[in-house]
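The values are calculated or read from the model by the stated rules, or taken from the named source; none is laboratory data. On a predicted model such as this, the values are computed, not experimentally measured, just so you know. Positions of Cβ are backbone-derived with ideal geometry, glycine not excepted, and every protein chain shown enters the neighbour counts. Surface areas here come from the heavy atoms of the whole protein model, side chains and all, with no ligands, DNA or RNA. Shrake-Rupley method; radii C 1.70, N 1.55, O 1.52, S 1.80 Å.
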Amino acid sequence: REKDDKYSAWMSKLWMAKEYKDKRKSIDDVERTLFKFKKSSEEKSKRMEREEKIFRETFMYDKEIRVIIRARAERSVPSQRRADLPITAGEQLDVIDAAHGHAVICRNSEGRYGYVLVEHLSFR
């Protein structure tokens, strides 16, 4: 009987260790996904910085970049010049500056900048 008691106690400890091990695995998985998210956001911020640098060089823009208003693209328009921003219908854009005449400088969700005609935007 003493051997049976020892055996049952040993088995219960083994099960507890396995439960702890499973719990540990799930915690490690969560930590790994957090690091992946952090890496992708870091990658995105580097890309945004690069786009901003290109924008400042192309447009000779030395002012602070501030969002004046948000607008939604009413229709899809491909870019015809390098300075134009290609837009798709329903895309949200940040209006950065009112430029010449009917065009405004906008930034899309990817961080790209360019001119967009006001007639293609909805300011609701």
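Here are a few things to note about the model shown:
- Selection count, the range 41-70, where residues are over 18 Å from the mean Cα position of the chain (by Cα) and either closer than 17 Å to GLN92 by Cβ or among the acidic types (Asp, Glu) (or both): 7
- Residue check for LYS53: open to solvent by 80 Å² or more (accessible area, probe 1.4 Å), under 20 Å from VAL116 (Cα atoms) and modelled with pLDDT of 85 or more: yes
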